[in-house]
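Accompanying notes for the structure given below.
Values in this text are rule-based calculations from the coordinates and carry no lab data. Keep in mind that what you see is a predicted model, and the values were worked out from it rather than measured. Here the Cβ positions follow ideal geometry from the backbone for every residue, glycine too, while neighbour counts run over all protein chains shown.
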Amino acid sequence: MGVSTSCPEKGIAVVTVDHPPVNALPVRGWFTLAQAVRAAGRDPATRCVVLTALGRGFNAGVDIKEIQAEGNEALLGVNRGCAEAFAAVHECETPVVAAVHGFCLGGGIGLVGNADAIVASEDAVFGLPELDRGALGAATHLARLVPPHLMRTLYYTSRTATAAELHAHGSVWRVVPREELLSAALELAREIAAKDGRLLRLAKAAINGIDPVDVRRSYRFEQGFTFEAALSGVADRIRDTFGKEGAGSD
């Protein structure tokens, strides 16, 4: 369990998250994921990184129970951890392909929104249930997946969008049956990894350089409102209500 890295083919590194029951990561998990993605990208033998997960869904965000138990210290830690993990994907020296199945919520949106390409299974859904969890954030990354007005509607309502809907918007490369997800992601990674490694790294740096939004700074701006919600007490009130419903992730 945790985060592991494998190299199934030449030039391809697969970073896999496995944190039962729903891949809702604690503070340490976000930093571990960031380190794994950065290490994979730094390896001169790597030309493409595939980010995937095991279990019921790709990612359910942060571990709310940890925040409820440890308070603001955990909130500060998880916000730093999420920022590092999201940035690690965006700043990875090689392209990152996200292979998404099941639910991709909260922090999961931060990861895939910063990926270079997304392959999703037919059962994948994407959303930010932040307002139902006493949190804010990752609108920066949802805005990279859907048009502006749809982003706002999804954010305010906590609704989700399907993989097919994101494919129609052009943000998901392929939608495949769940059992074909990893092979489809590896197929795309293989096509990318066939290019010259040095040129790929230059291309990644160049594309990041022309990005119209500084995703690290934009997400950090959002986090300021997360802290404000916590200090005002509204975040705890909503999280406590959510906790009584028996769930433990964002």
- [ ] Using only Cα atoms, find the angle between the long axis of helix 234-244 and the longest principal axis of the chain, and express it within 0 to 90 degrees, rounded to the nearest 10.
- [x] 80 degrees
TODO: Using per-residue counts of other Cβ atoms within 10 Å, averaged over each peptide, order 185-193, 173-181 from highest down.
DONE: 185-193, 173-181
Open item on the list: Between Ala45 and Leu150, what is 0.36 nm times their sequence separation minus the Cα-Cα distance? Round to one decimal in nm.
Closed with: 33.9 nm
- [ ] Give the relative contact order (percent, whole number) for region 2-244; include only Cα pairs under 8 Å separated by 6+ residues.
- [x] 20 percent
- [ ] Calculate how steeply helix 148-157 sits against the longest principal axis of the alpha-carbon atoms of the chain, using the helix alpha-carbon long axis, and give the answer as 0 to 90 degrees to the nearest 10.
- [x] 40 degrees
TODO: With everything on Cα atoms, drop me the angle between helix 72-91 and the longest principal axis of the chain, reported from 0 to 90° to the nearest 10.
DONE: 20 degrees
Task: Inter-label distance for Glu180 and Ser158, nm, one decimal - labels placed 7 Å from Cα along Cα-to-Cβ - done: 3.5 nm
Task: GluC sites (Glu not before Pro) within region 83-129: DSSP coil, no more than 14 neighbouring Cβ in 10 Å - done: Glu122
- [ ] List the residues whose amide H sits under 5 Å from the amide H of Val176, counting only those 5 or more places along or on another chain, with H placed 1.01 Å from N in the peptide plane.
- [x] Ala120, Ser121, Glu122
TODO: Among Asp196, Asp236, rank each residue by its count of other Cβ atoms within 10 Å, from fewest to most, as a rough exposure measure.
DONE: Asp196, Asp236
- [ ] Could you pull out the trypsin sites (Lys or Arg not before Pro) across region 195-224 that fall in loop regions by DSSP (anything but H, G, I, E, B) with no more than 14 other Cβ atoms inside 10 Å?
- [x] Lys195
Task: Where labels lie 7 Å past Cα in the beta-carbon direction, separation of Ala206 and Glu9 in nm - done: 2.4 nm
Task: Helix-only CD estimate at 222 nm, as mean residue ellipticity for the chain, using -39500 (n - 2.57) per DSSP H run (n ≥ 4) - done: -15500 deg cm²/dmol
Task: Zone of Glu187's modelled label, taken as backbone nitrogen in region 92-106 under 16 Å from a point 7 Å along Cα→Cβ - done: 98-100
